[in-house]
Amino acid sequence: PNDPDECFVANYYIKDDDADPLFRLFVTTKNLMKNCLNSNHVYTDATYKLIWQGYPVLIVGTTDKQCAFHPFGIVLCINEETNDFEFMFKSVQLTVEKLYNFNYCPIILVADASEAITNGFINVFNVIEKRIMCWFHVTKNIDTQLNAIKDKKMKAELRQDNEFMQLIKNETIFDAAIKLFQKKWKSKKCPLINNFIDYFINVCSNNALEATNRKIKSLYTFQERLPVGEFLSVFEKDIIHQLSRERNVDDTITSQMQKLSQMFHLEIYHFGHQLITG
């Protein structure tokens, strides 16, 4: 399409079998695919409660230095298995190569602990230098580990310190905060706390992607599951088009909204840094 924000099906797979039907669609825009050009890390997740039939919607993209999420595109499929994620990653790679003659080979994957996501990534890109778990799942595990600590005040302070560190987006400052966190809590000489620190010393996040999932659910589906045909219409005309326009620097309205969003992320960053460093 001539319009860089016009939605199109970049790749698809359909298995017409009454006993075992299967389909996969990768939908994107030219503008969204530009997000691949300066990225070496990928965020991905599946979101539900969008389609009446219960099919997952897979979202893939990256983040900028302000940790704002920028999607490459969205996949609609029946399952959430290795082949589905392999299709998604391969679709991204093939599409950006076709549009921009660019060989896309990211080395960092941020997602939940799903082996299907990991295997799909490796099958396409061959190697992962870093595999980072999303913050939502980390916090669930943090709460599980904290249950072993009976001191309520200490437990609350530990969790608060973890949440403050999660606000830090600069890797150098984050590493320094981790060392201070270890020094502070290891001085308590509590075996349970030491176990907690050793288990969760490397914490990273995909909060921006989780926020995009929530936005799609609230703005485009009105918290209701849509029949697949109706969802595809919303998918094309509203979701993909709007996500693309929001990241189009030539669109004066939406690019200004993006600048405001980036300023907000920077304010959060500075606030978190002050909390950690005192």
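Only the coordinates and a few stated rules stand behind these numbers; no lab work does. Computed from a predicted structure; not experimentally measured. Because the Cβ atoms are built from the backbone with ideal geometry, glycine has one as well, and the counts that use them run over all protein chains shown.
Label sites at N83 and Q160, each approximated as a point 7 angstrom past Cα along Cα to Cβ, lie 5.1 nm apart.
Taking trypsin sites (Lys or Arg not before Pro) across the stretch 98-201, the ones in a DSSP loop with at most 16 further Cβ atoms lying within 10 angstrom of their Cβ are K150, K188, K189.
Note on K152/L99: beta-carbon distance plugged into 1/(1 + (r/R0)^6) with R0 of 51 Å gives a FRET efficiency of 0.40.
Rounded, prolate or oblate: which fits the stretch 1-43, taking a ≥ b ≥ c as square roots of the Cα gyration tensor eigenvalues, rounded meaning a/c under 1.5, else prolate when a/b beats b/c? Oblate, since a/c reaches 1.5 and b/c is not below a/b.
For the pair D64 and K183, label points projected 7 Å from Cα toward Cβ lie 3.5 nm apart. Counting other Cβ atoms within 10 Å as a rough exposure proxy, the listed residues C105, C67, C7 run C105, C67, C7 from fewest neighbours to most. Checking the Cα-Cα distances for K150/K183; K65/K152; K90/K130 against a 31 Å cut-off, the pairs over it are K65/K152. Of the residues S244, S187, S114, the one with the fewest other Cβ atoms within 10 Å heads the list, and the complete ranking is S187, S114, S244.
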